[in-house]
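Notes follow once the structure below has been shown.
None of the figures in this text is laboratory data; all of them are computed from the coordinates on show. In this text the structure is predicted, and so the values were computed from the model without any measurement. Because the Cβ atoms are built from the backbone with ideal geometry, glycine has one as well, and the counts that use them run over all protein chains shown.
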Amino acid sequence: MSRRLPAKDVVIVGLGWTGSILALELARLGLDVVAIERGPWRDTAADFNIGTAPDELRYAVRQELFLRPKQESITMRNNTTQTALPIRKWGSFLPGNGVGGAGTHWNGQTWRFLPDDFRIRSHMIERYGAAIMPKDNTIQDWPVSYAELEPYYDRFEYMAGISGKAGNIKGQIQPGGNALEGPRARDYPTPPLRQGYAQELFTKAATEKGLHPFPRPSANLSNAYTNPYGCSMGPCTYCGFCEWFGCANYSKASPQTCVLPALVREPTFEARTDCEVTKVNLAADGKTATGVTYVDLHGQEWEQPASLVLVCAFSLFNVRLLLLSGIGKPYDPNTNEGVVGRNYAYQTGSGSTAFFEDAKFNPFAAAGSLGAALDDYNSDNFDHAPHGFVGGASITAAYTNGRPINYHPTPPGTPTWGSAWKKAVHETYQRVTSVGAQGSVMSYRGNYLDLDPTYKDPLGRPLMRMTFDYQDNERKMAGFMADRCDEIAKAMGAKQTQVKKLVGPWSVVPYQTTHNTGGAVMGNDPKTSVLNRYLQSWDVSNVFVMGASAFPQNAGYNPTGTVGALTYWALEGIKTYLKSPGPLVQA
Amino acid sequence: MTRSTRRQLLSATAFLAFANSACARTVSGSLPWQPNEAYPPSPLHPGPYLFFSPTEAAAVDAMVARLIPTDDLGPGAKDAGVTFFIDRQLTGPYGGHDWLYMQGPFSANPLPSQGLQSELTPRQQYRLGLAALSSYCKTTFNGRGFAELSGDEQDKLLAGMEKGDVKLPGFESRMLFQAVYANTMEGFFADPIYGGNRDMAGWKLVGFPGVRYDYRDVIAKPNQAYTLPPVGMQGRPAWTVGEKP
């Protein structure tokens, strides 16, 4: 039997980047805000203590900061002819848990999508004709443009202190920055990170090929910075423990470094941790949310009434909560009808590992977003006509770390153990670098999310089922990108290279990327989207859903910059809603 | 505000049991951390095995010594304490797959892309797998156990297990190989606080400086050898026996 709590103005599900930003902004308007987070509270000082943070076994191998599959997992199959089985141990992606969410353990690669990405369907058909669109795609334009989002990208970047060099300020190309990016109003708040030896070689080789390399924008800060919320950060020390770790230096932008110190001071804000929201409750008409139900660790169920419900969990779990709450019609791939779970997408990774004769790359001296990148092959920055695929990739020479349990490279053909392996590991660690392509994944009729018919979580609720595989379009694109990476790696002076393309079905085993997108997408048509352009549910107007679940398909970049921009963009919609509750867009 | 009992418990990777968090918690007004609050793992010091029997430990010693041998490049896995590391990992939450999704039904024919689908925890994999290996060796090698085989015999057998060609009685040889292999890499390269990587042998082999946490000087001087010795979470031996750092 659930116990009913006093009503709040706003209940927020999940206290990561999007939840903490909205909580702070709405609490500052004087609203009573409660954030309910299923994982523990986490602070830099205690949980990412410098004496305990750099522990590869604990955090990268045993995965201490992540959601435990025991608490909730996802079932997986490559296509609808197969039977999905639970991901018993995380591999391909690693969902966060606890206060800060994925914003505590990310690498900090903070991109803006390109203007063409937001109208990719219209753009590709206009330029190349409908024949270029892949079979069974459900690619759709975003309901917002780059120009509309630009001020909100700016807000997120200045909140997070992002280190980078602008390449295009109001249409003026800036030397040293990304000449191919969309125009921005001003430069980054802090200068780019200092680049390492691999980036020097990459920048020289790419420039000689007529490409346009630049230092990758980074949430690992080059300089000390105080953000508009009054939160201060320190400079990055290139410790090499970003991804999968909390930062002990207050150098990596995260809710802990950039938002929470200001948020907890707001008198109308309260966080409840170790409490799992099980359902968004709906009024009898099914068109209004009355609040949420959650369960604490004792198994006690609580009802938290609220006027406004903001769903701010990780993208996959946003989708599951909508499915479990009956908000929006579930997607059916057989009829291609319904919306919740539709347009699930991911990210491709391909590239070239470069073995040098003699070099000292010092891979341990690294930061999550240290790297030199180029966008010459991203989005529609190159002529797609000869290649016959849609999409692109950002190409980067980077180290995020040299942590040896997971990183002890050997040249192709080396035995996997024994003295010959040991000798190769010894001789190779310092002389390897790589050029990688992080590519877009389009949306398809057969890649989707729904509830699993068999497997349940400990509370007895169905796990979500993921049906996903890379399609020919993505395989072709990733292969093309791998060849481009290999050309650059060879031009950098590599003696030997090893090219990686997308081979075989998508597997949950090796880590690939936690850039899971879609499933609750934003759009202009309620028949093909869950949310309107303000991330407001078409069906239940006092529910807004943040996060990468809103992406109609994924671009060739990390998602967080766009997730942050959408959050500030949605905030404008929420403010409008508060003045006059109801749908912000008429269906 | 209530303080979670999570705060009294230790690291996930220590051998002590670790509760997720014992109760819900409300935070408002100020950040809830206390001065000097931290959750270090418990340092492990050599002692008797807690999981392995002497026979099992001898077999694991022999296996890890072939996977990463001691040679002119320095100590191998056995001499770096990897067997002890594995023993302690198996007695902790990892050993029971305590954090993983272990609810049935378990499929008899999962797709390779669906990853781990076995019901067997690491503890069961070692117990059953080592027993099957012992029985296989005794039958195949005239009563000798794995540890009594010659180096060449051990290598040949391990290579067959890696491929899954060796048929152990009632146990998949590849599963045992993969468990030992993964844990050997962990134990050889993890922070020495967990009992392996003794004298930072693994870190010295590749040139990983450990947890120094500040490489601004390295970034400033590209393509130069790094010369400082590695440091672990507990410092390094020279700091505690009075030698110069």
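Key figures for this structure:
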read-out: Filter result (free of Cβ contacts under 8 Å to residues at least 60 places away in the same chain and within 12 Å of another protein chain (Cβ to nearest Cβ)) within the range A:268-307; value: A:Asp296, A:Leu297, A:His298, A:Gly299
read-out: Per-region count, the range B:37-94, residues farther than 28 Å from A:Pro415 by Cβ, part of a helix (DSSP H, G or I) and facing chain A (nearest Cβ under 9 Å); value: 1
read-out: Filter pass, B:Thr121 being touching a helix residue (DSSP H, G or I) at 6+ places or on another chain (Cβ under 6 Å), more than 13 Å from chain A (Cβ to nearest Cβ), under 24 Å from B:Leu168 (Cα atoms) and β-branched (Val, Ile, Thr); value: no
read-out: Residue in the range A:1-36 that is nearest to A:Gly96 (Cα to Cα), counting only those that are part of a loop (DSSP other than H, G, I, E, B) and aliphatic (A, V, I, L, M); value: A:Leu15
read-out: Test: A:Leu502 is within 24 Å of A:Gly16 (Cα to Cα), within 14 Å of chain B (Cβ to nearest Cβ) and part of a loop (DSSP other than H, G, I, E, B); value: no
read-out: Qualifying residue in the range A:66-87 (condition: closer than 30 Å to A:Leu578 by Cα and either under 23 Å from the mean Cα position of the chain (by Cα) or aliphatic (A, V, I, L, M) (or both)); value: no
read-out: Filter result for the condition that a residue is surrounded by fewer than 19 Cβ atoms within 10 Å (Cβ to Cβ), of a type in the set (Phe, Trp, Tyr) and at the interface with another protein chain (Cβ under 9 Å from one of its Cβ atoms), over A:Trp417, A:Trp421; value: A:Trp421
read-out: Qualifying residues in the range A:64-77 (those that are in contact (Cβ under 8 Å) with a residue 60 or more places away in the chain and more than 26 Å from A:Tyr470 (Cα to Cα)) - the one surrounded by the most Cβ atoms within 10 Å (Cβ to Cβ); value: A:Leu65
read-out: Within the range B:165-180, tally of residues that are surrounded by fewer than 20 Cβ atoms within 10 Å (Cβ to Cβ), in a helix (DSSP H, G or I) and touching a residue at least 24 places away in the same chain (Cβ under 8 Å); value: 2
read-out: Complete set of residues in the range A:183-213 that are over 23 Å from A:Ser251 (Cβ atoms) and in a loop (DSSP other than H, G, I, E, B); value: A:Pro183, A:Ala185, A:Lys209, A:Gly210, A:Leu211, A:His212, A:Pro213
read-out: Extreme residue, nearest to A:Ala385 (Cα to Cα), among residues of the range A:108-123 that are surrounded by fewer than 20 Cβ atoms within 10 Å (Cβ to Cβ) and touching a residue at least 24 places away in the same chain (Cβ under 8 Å); value: A:His123
read-out: Residue check, A:Tyr294 crowded, with 23+ Cβ neighbours inside 10 Å and within 19 Å of A:Leu566 (Cβ to Cβ); value: no
read-out: A:Arg77 vs. criteria in contact with a Cys (Cβ under 8 Å, 6 or more places away or on another chain) and either farther than 22 Å from A:Ser315 by Cβ or within 13 Å of chain B (Cβ to nearest Cβ) (or both); value: no
read-out: Tally, over the range A:175-190, of residues that are surrounded by fewer than 21 Cβ atoms within 10 Å (Cβ to Cβ) and closer than 30 Å to A:Arg431 by Cβ; value: 1
read-out: Members of the range A:120-172 that are in contact with a Ser or Thr (Cβ under 7 Å, 6 or more places away or on another chain), of a type outside the set (D, E, K, R) and farther than 27 Å from A:Ser254 by Cα; value: A:Asn137, A:Thr138, A:Ile139, A:Gln140
read-out: Filter result (assigned to a loop (DSSP other than H, G, I, E, B), crowded, with 24+ Cβ neighbours inside 10 Å, among the small types (Gly, Ala, Ser) and within 14 Å of another protein chain (Cβ to nearest Cβ)) within the range A:351-386; value: A:Ala365, A:Ala367, A:Gly368, A:Ser369, A:Gly371
read-out: The listed residue being of a type in the set (A, V, I, L, M, F, W, C) and over 29 Å from B:Val206 (Cα atoms), out of B:Phe85, B:Phe106; value: B:Phe106
read-out: Subset of the range A:434-454 (residues that are touching a Gly at 6+ places or on another chain (Cβ under 9 Å) and either within 14 Å of chain B (Cβ to nearest Cβ) or in a loop (DSSP other than H, G, I, E, B) (or both)); value: A:Ser440, A:Met442, A:Ser443, A:Asn447
read-out: Among residues of the range A:227-238, those that are in contact (Cβ under 8 Å) with a residue 24 or more places away in the chain and either among the hydroxyl-bearing types (Ser, Thr, Tyr) or closer than 19 Å to A:Asp43 by Cα (or both), counted; value: 7
